[in-house]
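Here is the structure we will look at, set down as structure tokens.
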Amino acid sequence: MTTDKFNGWVAVYCASSTSVHPKYFAASEKLSAALATHGFGIVYGGGSKGLMGAVADEMLRMGGRIRGIIPTFMTEVEWHHKGLNSLQLVETMAERKMMMVENTVGVVALPGGVGTLEEILEVISHKRLGLYFNPVIFLNIDGYFNPLIEMLERMVEEKFMRVEHLKLWSVAKNAEEVIELIKNTELWPANARNFAGL
């Protein structure tokens, strides 16, 4: 059941593949349900298939708020979801990524492919540069993101980033932990550019 109180938009990065293990579909649905229950809306890539479709369908089933942002070329092959509260068409993938994080209270990446990795790494990079300040969360189902998290940690070990940059992202094992992180993670410092380098 959704709450009447609106607590803000959360950007959710998710894949369009229909071939992935059912556990990822289940995790996507649980994330949508948890966000809806706690009064958050979802901004996502606007697709109708795979984890994108699971996220959207569950949020709609819960009576929650969901906005899609999708490049026009994807609608030409009917990749878009036709039942959303709002679907915004843009010209480029870059424009889509920029608009997806505007005015959000957090960003969550579900397991995904290269598109998902591009999106989550870009927002981490922007956060390091003081262009984004809210929680950035990996929903790490069955350790899916472990190799990437290890790589990010190695960047710190090898001094490509500061120790402080380990706080650019958070890791959650389930939807409940995502909600806690969105609510309780401290905002990234406003002076982030002062220590963006080494």
| query | Would a scan of the range 152-167 turn up a residue that is in contact with a strand residue (DSSP E or B) (Cβ under 9 Å, 6 or more places away or on another chain) and modelled with pLDDT of 95 or more? | reply | no
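Can you tell me how many residues within the range 170-198 are within 19 Å of Tyr144 (Cβ to Cβ) and either polar (S, T, N, Q) or part of a helix (DSSP H, G or I) (or both)?
Here is the first cut: in the range 170-198, the ones within 19 Å of Tyr144 (Cβ to Cβ) are 170-178, 181.
Applying the additional criterion that residues be either polar (S, T, N, Q) or part of a helix (DSSP H, G or I) (or both) yields 170, 174-178, 181.
Count: 7.
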| query | Within the range 139-186, can you find the residues that are of a type in the set (A, V, I, L, M, F, W, C), touching a helix residue (DSSP H, G or I) at 6+ places or on another chain (Cβ under 8 Å) and closer than 19 Å to Ser28 by Cβ? | reply | Leu139, Ile141, Leu148, Val171, Ala172, Ala175, Val178, Ile179
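On the basis of being exposed (fewer than 12 other Cβ atoms within 10 Å of the Cβ) and either modelled with pLDDT of 95 or more or not charged (D, E, K, R) (or both), does Glu122 make the cut? Lay out the reasoning, then the answer.
Numbers: exposed (fewer than 12 other Cβ atoms within 10 Å of the Cβ): no; either modelled with pLDDT of 95 or more or not charged (D, E, K, R) (or both): yes.
Spelling it out, it is not the case that Glu122 is exposed (fewer than 12 other Cβ atoms within 10 Å of the Cβ) and either modelled with pLDDT of 95 or more or not charged (D, E, K, R) (or both).
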| query | What do you reckon, is Trp169 within 25 Å of Met93 (Cα to Cα), buried (at least 16 other Cβ atoms within 10 Å of the Cβ) and hydrophobic (A, V, I, L, M, F, W, C)? | reply | yes
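Scan Phe25, Phe6, Phe73 and give me the residue that is surrounded by fewer than 14 Cβ atoms within 10 Å (Cβ to Cβ) and either under 16 Å from Leu139 (Cα atoms) or touching a Lys or Arg at 6+ places or on another chain (Cβ under 8 Å) (or both). Spell out how you get there, then give the answer.
Numbers: Phe25 fails: surrounded by fewer than 14 Cβ atoms within 10 Å (Cβ to Cβ); Phe73 fails: either under 16 Å from Leu139 (Cα atoms) or touching a Lys or Arg at 6+ places or on another chain (Cβ under 8 Å) (or both).
Of the residues listed, the single one that is surrounded by fewer than 14 Cβ atoms within 10 Å (Cβ to Cβ) and either under 16 Å from Leu139 (Cα atoms) or touching a Lys or Arg at 6+ places or on another chain (Cβ under 8 Å) (or both) is Phe6.
From Leu139, Leu110, grab the single residue that is in contact with a Cys (Cβ under 8 Å, 6 or more places away or on another chain), surrounded by 15 or more Cβ atoms within 10 Å (Cβ to Cβ) and not charged (D, E, K, R).
Numbers: Leu139 fails: in contact with a Cys (Cβ under 8 Å, 6 or more places away or on another chain).
Just a single option satisfies the conditions, and that option is Leu110.
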| task | Select, from Tyr24, Tyr44, the only residue that is among the aromatic types (Phe, Trp, Tyr), under 28 Å from Trp188 (Cα atoms) and at pLDDT 95 or above. | result | Tyr44
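Taking the condition of being part of a loop (DSSP other than H, G, I, E, B) and of a type in the set (Phe, Trp, Tyr), how many residues in the range 1-43 meet it?
As a first pass, look at the range 1-43 and keep what is part of a loop (DSSP other than H, G, I, E, B): 1-7, 14-21, 38-39.
Now drop any that are not of a type in the set (Phe, Trp, Tyr), which leaves 6.
Counting residues in the range 1-43 that are part of a loop (DSSP other than H, G, I, E, B) and of a type in the set (Phe, Trp, Tyr) gives 1.
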| message | I'd like the residue in the range 46-70 that is surrounded by 20 or more Cβ atoms within 10 Å (Cβ to Cβ) and in contact (Cβ under 8 Å) with a residue 60 or more places away in the chain and, out of all such residues, is farthest from Glu180 (Cα to Cα). | response | Leu51
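The values are calculated or read from the model by the stated rules, or taken from the named source; none is laboratory data. Quick caveat: nothing in here was measured; it's all calculated off a predicted structure. Glycine also receives a Cβ, built like all others from the backbone with ideal geometry; neighbour counts cover every protein chain displayed.
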